[in-house]
């Protein structure tokens, strides 16, 4: 079965705290891509990162970092020194060798000032 | 205009109305998608067009009718909708390697149309 699980429905932290959003996936494919998207209240899904199944290097982009571990089928997302503008719903997604993106349910992140 | 644009941003319609949603991508991509996002449900892929050919139709009711006149424009024609069709409709585009797809390219999304069916 192909599945993406984001077990954290909602996370609330105070500004400047670090926060990690969890993503666990299931697939039998050997080739696949993992994605993170951000959806602010305006509704648009903003692409954050794509990682292919052969590249387990962690990635850092400013305050954002991603930890991909095939051994645990996880692709976690950490925001360092969170800011109010980071408040949004974050989606993890898995793409196989067709057009289908399998989406997690999303994690609503609330950053309080 | 850059990226993926959608119009209108908000739409209220009665069950007997006919309306159309429009999507335009300015990224030079060759594949376009319609998604439905309902409250408390995962995103649902509705239609895929690759090289202007419809390649996916995920059991969408016939009251939703897509049209892709060229690789930059995608429409979703709506008629006799039901209240449960109220949702955020998102358009996306990507650059695929060929008509049969197979590439694992990133999809870029528009801002969506919030549809309310009364």
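A few notes on this one:
- Length-normalised contact order for the range A:2-63 - Cα pairs under 8 Å, 6+ apart - percent: 26
- Among A:5, A:31, B:113, the ranking by other beta carbons within 10 Å of each residue's beta carbon, starting with the fewest, stands as A:31, A:5, B:113.
- Once C-alpha pairs closer than 8 Å and six or more residues apart are averaged by separation and normalised to the residue number of chain A, the relative contact order reads 38 percent.
- For chain B, built as a Gaussian network whose Cα springs stay under 10 Å, the top-fluctuating residue of B:68, B:23, B:91: B:68
- The mean number of partner chain beta-carbon atoms within 10 angstrom of a residue's beta-carbon across peptide B:106-116 is 4.
- Residues B:10, B:29, B:73, arranged from fewest to most other Cβ atoms within 10 angstrom of their Cβ, appear as B:10, B:73, B:29.
- Separation between Cα centres of the range A:1-79 and the range B:1-31, rounded to whole Å: 28
- Annotation: the residues A:46, B:117, A:14, A:4, sorted from fewest to most other C-beta atoms within 10 Å of their own C-beta, follow the order A:14, A:46, B:117, A:4.
- Chain B - percent relative contact order, Cα under 8 Å, separation 6 or more: 36
- Paramagnetic label zone (point 7 Å from Cα along Cα-to-C-beta, residue A:78; backbone N under 20 Å) in the range A:36-63: A:36-38, A:48-52, A:55-63
Coordinate-derived values only; no laboratory data. Note that the structure is a prediction, hence the values are computed from the model and not measured. We place every Cβ from the backbone using ideal geometry, glycine too, and count neighbours over all the protein chains shown.
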